[in-house]
Structure formats: structure tokens, C-alpha cells
1. Just to check your reading of the model, which residue among LEU151, LEU159, LEU146, LEU122 is of a type outside the set (Gly, Ala, Ser) and surrounded by 19 or more Cβ atoms within 10 Å (Cβ to Cβ)?
2. For residues that are part of a loop (DSSP other than H, G, I, E, B) and within 17 Å of the chain's Cα centre (by Cα), scanning just the stretch 190-208, find the one that is surrounded by the fewest Cβ atoms within 10 Å (Cβ to Cβ).
3. When the residues of the stretch 35-82 are narrowed to those that are in contact with a Phe, Trp or Tyr (Cβ under 9 Å, 6 or more places away or on another chain) and part of a loop (DSSP other than H, G, I, E, B), which ends up most open to solvent (accessible area, probe 1.4 Å)?
4. For the stretch 133-180, give me each residue that is among the basic types (Lys, Arg), in contact with a helix residue (DSSP H, G or I) (Cβ under 9 Å, 6 or more places away or on another chain) and over 24 Å from VAL61 (Cα atoms).
5. Would you check which residues across the stretch 7-25 are modelled with pLDDT of 90 or more and either open to solvent by 40 Å² or more (accessible area, probe 1.4 Å) or among the charged types (D, E, K, R) (or both) and list them?
6. Could you grab me the full set of residues in the stretch 89-115 that are touching a helix residue (DSSP H, G or I) at 6+ places or on another chain (Cβ under 7 Å) and either more than 25 Å from HIS205 (Cβ to Cβ) or open to solvent by less than 10 Å² (accessible area, probe 1.4 Å) (or both)?
7. Which one is nearest to ARG51 (Cα to Cα), of the residues in the stretch 83-137 that are of a type in the set (Gly, Ala, Ser) and under 13 Å from the mean Cα position of the chain (by Cα)?
Amino acid sequence: MQKSELDRAEKCQQSLVFFDLETTGLDKTCEIVQLAAVSGGHSLNLYIIPRCRMQRGAAKVTGFKVRRHRLYLHRQLVLTNSLREVLVSFIAFLQMLGRPLVIGHNIRRFDCRLLARALDELDLRAEFDSSVSGCVDTLPLAREILKDRGLQSFRQENLVRELLGVDYKAHDALEDVRALQALYNVLKPTPELISQHRFTLDTMHNKPVKTCKKSKVNSKLPQQRPLWEHFRQAVKLTEEKAEDQDGEQQSGS
């Protein structure tokens, strides 16, 4: 009985992907600089040289700087991929995990809109839509779950500090998603609440409604395995060791 419960829990965990972007700024014309995703012990972390300048405020917060068409993070050169390579790798990561639920903090108003614009630009929207079962924004989710806690701020780093008692390296997409995964495990939203907050790239501009109906995307069966095979080398997939779990919880849009 216990083994069966553990198996179900593992499957549930594997069906969640925590996602975050770092960008050149906060306006509608900003571009992606870093995309990171985590699911259990699997992670994806890729960088892109943006086509526009890093805004001063964003550069100061994130540590990114572009010099001579090279990307630096805290003065260290980082390897980069094209936007297409990064998005295709992200889609392949999602497909490998079996059409997961994509979870992020404040993604409905920011990250998902930027992601949708990039997917549309490269004609990859259909591949993404068929690779996920939906998205959930933990910002309104946390506000609902913690409405009686009297919190003054629902920024992710503040929630991690309040609920997990730790500080972490915020504004690094990989650290952000690791922290969010730990935070989500503490929030423990019910399936009903998750359903109420679920949205897709097509419905993210709509006002959230409480409904348990699945979108049309859920009825599609993904047929994207060749895409994953083709870009296998582009995806950096890591298996976190068991002893690293404590570190993830301590480190934690």
C-alpha cells in the first residue's frame, strides 16, 4: 500500500514542470535571456544572446551583460543557443515528461506572454500546446492559499523566506525554479484549486474562472517524439543525486 502511494506521488511529481525566464527588462518588447525548467531531479537551463539591449535595471538585478555579441553572467562567459534551439529544447523536455503541467510564479502576466510571442515568431506554438496539459501561476494560487496569513508580499523570494525559512539566489532562472518546486511542495494545493487556476496560452488573457473543464489541448495526443530525438543533444538533462535534495530546498519570477 505504501509502495503504491509512493509510486503515485512520483508520477504526480513527474507531471509538474517548474519554469522561469530571465529577460532584458519588464516591458512588452523585452526578450528572453535565460530559460530554466525543473521537474523532480531533471533540469534544463539554457541561455540566449538577446537581440535588444539589456535594460540597466534588469542587468543590475540579474547580472547579465552582453559584450561583443557574447553573454556574461556576473562577468563569467556563458554558452548560448539560438532562441529556436532553446524553445525546441524546452518543448522536447516537456514531451519527455509526458505533457506535464507547467508551473511558474507570475507567469500568467509575464513569462507566458513572452513565451507565447517567441513561440509564435518561430511557428512553434502548436508543438508547445500539444506538449503540455496547461499552466498554473503560483502567484494567485499562493494568495488564495495563504489569504489568512496576513502576508504583505507574495513575491517568490518572500514566500520562500516565510514558508521555508531560507534565502536563495533570486533572479537566476534555475535557482528560481528550484526554489519554486520546494515552495510548491509546501503550499500543497488541492487538485480542485489547481484546476481552478489552470490556463493555456490561448486563455491566459481571460479572467480566471473556477472551472474543472479541460481545454481542447488536453484532448490532443502528442506525436512529437521525432522532435525530441532530433534535439536530444541540445537538452541538458540532469539527475540530481539524493543527497542534493536538501540543497535544493535551501536554495529553494
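The values are calculated or read from the model by the stated rules, or taken from the named source; none is laboratory data. Just so you know, these numbers come straight off a predicted model, no measurement behind them. Methodologically, a virtual Cβ is constructed for each residue, glycine included, from the backbone with ideal geometry; neighbour enumeration extends over all protein chains shown. For the accessible areas, the whole protein counts, side chains as well, though only heavy atoms, and no ligand, DNA or RNA atoms are used. Shrake-Rupley method; radii C 1.70, N 1.55, O 1.52, S 1.80 Å.
1. Values: LEU151 fails: surrounded by 19 or more Cβ atoms within 10 Å (Cβ to Cβ); LEU146 fails: surrounded by 19 or more Cβ atoms within 10 Å (Cβ to Cβ); LEU122 fails: surrounded by 19 or more Cβ atoms within 10 Å (Cβ to Cβ).
After ruling out the rest, the residue left standing is LEU159.
2. MET204
3. Once the filter is applied, the top-ranked residue is LEU79.
4. ARG149
5. Of the residues in the stretch 7-25, the ones modelled with pLDDT of 90 or more are 16-25.
The answer is ASP20, GLU22.
6. In the first step, residues of the stretch 89-115 are kept if they are touching a helix residue (DSSP H, G or I) at 6+ places or on another chain (Cβ under 7 Å); the result is 89, 91-92, 95-97, 100, 103-106.
Answer for the stretch 89-115, where residues must be touching a helix residue (DSSP H, G or I) at 6+ places or on another chain (Cβ under 7 Å) and either more than 25 Å from HIS205 (Cβ to Cβ) or open to solvent by less than 10 Å² (accessible area, probe 1.4 Å) (or both): SER89, ILE91, ALA92, GLN95, MET96, LEU97, PRO100, ILE103, GLY104, HIS105.
7. The selected residue is GLY104.
So that you can scan it fast, the table gives a plain yes or no per residue for (1) assigned to a helix (DSSP H, G or I); (2) within 24 Å of ASP172 (Cβ to Cβ):
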{"site": "PHE93", "(1), (2)": "yes, yes"}
{"site": "VAL102", "(1), (2)": "no, yes"}
{"site": "ASP111", "(1), (2)": "yes, yes"}
{"site": "ALA126", "(1), (2)": "yes, no"}
{"site": "SER131", "(1), (2)": "no, no"}
{"site": "VAL136", "(1), (2)": "no, yes"}
{"site": "LEU139", "(1), (2)": "yes, yes"}
